[in-house]
Amino acid sequence: MNLKILSLVKSFPIFKIIFCILSAIPLIKAEDKIPFPIIENGNGASIYYSGENQIIHTAIDILIKDSQYICRKEGISVTNSEKAGDILVGVIGEDKKFDTLCSQHCSKYKELKGKWETFLIHPIRSHDNKKRLLIAGSDARGAAYGILELSRSMGISPWIWWADVIPEKKDSVLWNRPPQYMQSPSVPYRGIFLNDEDWGLMPWSTKNYDLTKRAGEIGIRTYSKIFELMMRLRANTLWPAMHECTVPFHFVKGARETAEKYGIIIGTSHCEPMLRNSAGEWNDQLNGPYNFVTNSSNVIHYWKERLLEVGQKENIYTVGMRGRHDGRMVER
């Protein structure tokens, strides 16, 4: 250090305090300033995830598909070895090796614990002098959103399929955000209600895209595209289509499993308590009138059936009975 600066520090206490404060601030490592190549020379990086969570694997599959639109040569590829991985993905507390690596390089990593759908993206240079990109999630959806943030950085629109947004081919894509880049939602549950599907979604799906022998069935091919869009937009909650013209969501084989694959929480709309679709699932001939005053035992059994079916899943329940089709409650 310059001798004049040292003499100033010694002569004036205030400078001594400032010097001590500045000395305590850690410097950003040189490698943190180096952009990480997601695509280099037309080829995508490799990605590694040690866990089995299907939401994260879904996001990785989407990223790989997206990279094939962008890369002039080979897209992003999955590797089964951490040493071979350029992009390392994990959830806090899921893998000790990943936790240790993140803790060594990311001071913010511990802030993920207990947070909701939060992700941290951070470039590092590991002990073998290889540049890597860490994507850490507070939970599975957080990690998935972090993975798909790379798709955005490549230039992929969330509406790539629904709006035919064709991306441009690229030779190089760099992740050059600030070190320890972190995002988290301000609203826990974010989603859509497939309302009035009679006029658009149901006819289009059943007659054009997701042909089925069952009248009014919006199939899992259609729901997969809806769920993928929602995941890309970081939406996590769906109220399924529920008019009488449509086969109820829980009556569609594979629909529930498809929602779980994309990390989508299922709820129901204002007049559909306990995840039941009273417009399409309640049968007056079998169950009697939809009336809690005069037919409470059958109504309770009807609700209980669905709870036993999906009660261990991630759901949002509407509580409080209401008449069908926004109607008033049936009187005695």
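FYI, it's all coordinate maths here, none of it is from the lab. Being a predicted model, the structure only gives us computed values, none of them experimental. FYI the Cβ positions are ideal-geometry reconstructions off the backbone, even for glycines, and counts take in every protein chain you see.
What aspartates and glutamates does K73 reach when the alpha-carbon gap must be under 20 Å and sequence neighbours fewer than 8 apart in one chain are set aside?
Of all the aspartates and glutamates, those that pass the test against K73 - Cα under 20 Å, at least 8 places apart if same chain - are E40, D61, D86, E168, D171.
Determine the alpha carbon to alpha carbon distance for each of K110/K130; K261/K313; K115/K225; K65/K130; K108/K261 and list only those over 18 Å.
Values: K110/K130 24 Å; K261/K313 12 Å; K115/K225 28 Å; K65/K130 25 Å; K108/K261 29 Å.
K110/K130; K115/K225; K65/K130; K108/K261, as the Cα separations exceed 18 Å there.
Please report the net charge: other residues with Cβ closer than 15 Å to the Cβ of L233, K and R +1, D and E -1. Walk me through the numbers before you get to the answer.
Numbers: positive: R141, R152, R190, K225, R232, R234; negative: D66, E117, E149, E228.
Computed value for this residue: +2.
Return the FRET efficiency for the residue pair R125, E257: r is the Cβ-Cβ distance, R0 is 41 Å, and the value is rounded to the nearest 0.05.
Values: r = 41 Å, r/R0 = 0.99.
For R0 = 41 Å, the calculated efficiency reads 0.50.
Add +1 for every Lys or Arg and -1 for every Asp or Glu among the other residues with Cβ under 10 Å from the Cβ of G93, and state the total.
-2
I want to check the label-to-label distance for L286 and K225. Put each point 7 Å from Cα in the C-beta direction and report it in nm to one decimal.
It is 3.1 nm.
Residues with amide H under 5 Å of F193's amide H, sequence separation 5 or more or different chain, H placed in the peptide plane at 1.01 Å from N; which?
W239
Between N208 and S184, what's the calculated FRET efficiency when r is the beta-carbon distance and R0 is 35 Å? Round to 0.05. Spell out each step's value before the answer.
Numbers: r = 38 Å, r/R0 = 1.10.
Given R0 = 35 Å and the Cβ-Cβ separation, E is 0.35.
Given 0.36 nm per residue, what is the gain on full extension from N295 to D61 after removing their alpha carbon distance, in nm? Mind showing how you got there, number by number?
On the way: separation 234, 0.36 × 234 = 84.24 nm, distance 4.85 nm.
Taking 0.36 nm per residue and subtracting the Cα distance, the gain is 79.4 nm.
Give me the extension gain from Q54 to N80: residue separation times 0.36 nm, minus the current Cα-Cα distance, reported in nm with one decimal. Walk me through the numbers on the way to the answer.
On the way: separation 26, 0.36 × 26 = 9.36 nm, distance 1.60 nm.
So the chain would gain 7.8 nm between Q54 and N80.
Among I192, I62, I135, which one moves the most in a GNM of the chain with springs linking Cα atoms closer than 10 Å?
Per the Cα network of the chain with a 10 Å cutoff, I192 tops the list.
Considering the values [x] 1.30; [y] 1.09; [z] 0.98, which represents Cα Rg over 2.2 N^0.38 Å as calculated for the structure under consideration?
It is the one labelled [x].
On a full-extension model of 0.36 nm per residue, what is the gain between S172 and W116, subtracting their alpha-carbon distance, rounded to one decimal in nm? Provide the component values of the computation, followed by the final result.
Values: separation 56, 0.36 × 56 = 20.16 nm, distance 3.25 nm.
Length gained, S172 through W116: 16.9 nm.
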